[in-house]
Each structure stands twice: as C-alpha cells, then as structure tokens.
C-alpha cells in the first residue's frame, strides 16, 4: 500500500440518510447524468462550502464514484507512472486505501510506445461498483476488482487476453455492471494504428463475471464503417423498455445497437449518421443517453445529434429515427461530452460550439441555447441535480445553470491557475458535490 495522501481540508459532514443516492457509475444512478439530491450549495469556491478537499497523486479523467461511505477515484501517479486505485471516506475525506492497480503492460510489449497522449492518460475510465465490489479499468487494458475495503479480488489485462487495442487515442470506455455481468464494448479500427494492434483487429462486446473476472461471452459487433470511424470510446448504457425488454445500448462504428445482456445477441440497430460511410475519421466519444422513449446519439465533428426510437427489432429504417438536429451550423452538436437527460429534457453541451442547449425529447425543438463562458473547452459531461445543471471545463471552472431558462447562477474556478485537460464529470451523492481537478478532489456541501 502506498503512503496515505494528505487531506488538505477537513470539515464536519452530516451523515447521509438511508434514502440518499449513491453515484455508482460514470453517468450516475439513472445512467443519464442526473441525481435526485437536494440542498446543494451554489455559492461555493475552493474553500467556501467545502466539507473537505483531498490531494490526488496525479490527473485522470475518471469521474468519482460514490457508494455508501466510500468515494472511489482512479489516477496516475505523476512521479512514478503507477496506475492507482484510491478510496476516500465520504464523510471526512480521509484516505482509506491507495493501491497499485497496474500490471505494467504496454501495447506491443515493454519499451514500446505507451499510447498515452498529451490529451489523455490511462486513468480516463471511471471506476464502477455494484455495492459488493469496485472495478477499476485503465486505458492500457488493466481491469482490477477490489472489495470495498481494498482487498484485491482479481485482475486481468484485456490487451494481453484479446490482443492489443487498435485505437488512435487512449481507449477510455468505462465498464458497466448490470444484470450480474460486467460489460465493456471494444469497438476499434480494423487495422493496426501507430504500430499498435494485430493485423486484423476485431470489434466485440465483452461480458465478464464480476465475482471472478472470467469471460462470459465475447460477442462480435459488426459495422461497415472504415478506419477511425470504427473506433468508439463510449460506455454501454442499460435500458429497460416499457414491457420489460432489456437492452444494452452500444454506440460506435457509425451505428447504435441494442443487445441482449444475457447473450450479447444484437436485438436491433439504427444508422447511419455517416452516409455511405464516406467519412473515415469520425471516431465516436459521447455515450448514448435515454430519455422519454428516445435514445440520443451524438455524431462527431460538429455533426447533428440523432434521437432514435427504442424497442424496435432488426435493422431500423427511416421510421427508427424520431428526429435529428439541424445541420452543422446548429449549436446542438457534441464531439466529446455525453448529453444529460434531466427534468424531462435533453441538455446538450457542445464543446465544438461552446454552448449548452435544452432540447425537447419528443420533437427535437431547441428551447434555449446559451454561450458557455471562458476560453477553455467544455468537455466534461454535464450533471443535473437539485433543479440545476453543473458543468466543468478544462481549466476546472464550474458553471451552474438554471435548466428552466439557461440563466447562469454561479461561476467559480476550482482548478489551479495553470490547469488544463480537466474532464471528469461532477458527481452528486448524499447531498454533496464531488468535483475532481488535476490535483484535488473536492467534496462540496454541508
């Protein structure tokens, strides 16, 4: 175990009630970026309204995950380069454990290029928990399971087991735990890239046993896309239809597909936003988000967003598309952030238009659009809670927005003066905000 990190600030927290919600996965308890918390403060800064602030050993784009009295965070130690799994006490910020979670695996073997870019690192995926165990996944393929107390249960490296990844950028999908399985879509290009990957990489939906890490199935996921357009960094999203049909929603390779979680069998697909698959460099980053009987998909590179009807079967034609936003000049577009579904509306944060829009899920009508302040990119996905929307940019600036009319209620710098590339979404749990910068994990509230 590593030496405990210092707790910078400590405060007195009121214990969460039995009905307080956790934030067990990247997009929260409803998989849509929203939570039902109330009483969240607006007038806060790096010290005001801060219950505690804990130092982090290095940056990472993974969102904090909260279960009960635990807060889980992944990070890279900047000095040693180690991949770390961290746990903090939700009430006090005390570090409970800090464990080395890396195997040392590098694509192509030791001494090869790491695949880490200045825009990302291996600690980009978020942890995930089912309440019995917590899983940490890293961009080099390391997948490690711990008890909530920090005992290692199992570990495997997916590149070692299934061939090296063939991605232009560092792979960053977050695992999904649902229906007693761990799911991870590995949608990659069909040729090596920068010397990484086998001669003929394959895309597939992987399902594992969360108790042992054993492979339950490896289901092929076909696509007619080409080169980088085959690559997806999106997380699989669970969906249960009105008649109880369950589907795992997987987006990438110019299409969205729904899969039977028990077998991986494809139930339906819709696409494409890439007519004739002509664009070969349209990798996909945002995950799907469900709301009001629609699933929203964000095409890349300033292209529109698409609302697809759910509960179809087979290959869906034109009837499968409910609506799409207007063309490239339209502010409703997202290249990186995953949209939010909150209070019956979609909220699309555009990193390419530097705007936030409220969209009617039934018609696609844009009800308001605001320009996001500042000069830094807005790439963390927005969070909805307590009648407000919470956004974080690369510099660590937080903006709180009124969802009714787009009024900006509060702006505050939570990062340091020279911070950049902060991309972890804000998590909400037990009446608190959890905000991650490159150096600090803030718990705001109380």
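The values are calculated or read from the model by the stated rules, or taken from the named source; none is laboratory data. Given the structure is predicted, the values throughout are model-derived calculations rather than measurements. Cβ sites come from the backbone with ideal geometry, for glycine too, and all protein chains shown count toward neighbours.
Any idea how many residues of segment 415-446 are part of a loop (DSSP other than H, G, I, E, B) and closer than 21 Å to residue 34 by Cβ?
The total comes to 7.
Are there any pairs with C-beta distances below 8 angstrom linking a residue in segment 46-72 that is free of Cβ contacts under 8 Å to residues at least 60 places away in the same chain to a residue that is crowded, with 19+ Cβ neighbours inside 10 Å and part of a loop (DSSP other than H, G, I, E, B), with the two at least 6 apart or on different chains, and if so which?
57/5; 69/90; 69/91
Residue check, residue 183 against (1) surrounded by fewer than 24 Cβ atoms within 10 Å (Cβ to Cβ); (2) under 23 Å from the mean Cα position of the chain (by Cα); (3) closer than 20 Å to residue 32 by Cα, all met but one. Which one?
(1)
Restricting attention to segment 91-107, does a residue exist that is out of contact with any strand residue (DSSP E or B) (no Cβ under 6 Å at 6 or more places or on another chain), in a loop (DSSP other than H, G, I, E, B), closer than 30 Å to residue 280 by Cβ and modelled with pLDDT under 95?
Yes - at least one qualifying residue is present in segment 91-107.
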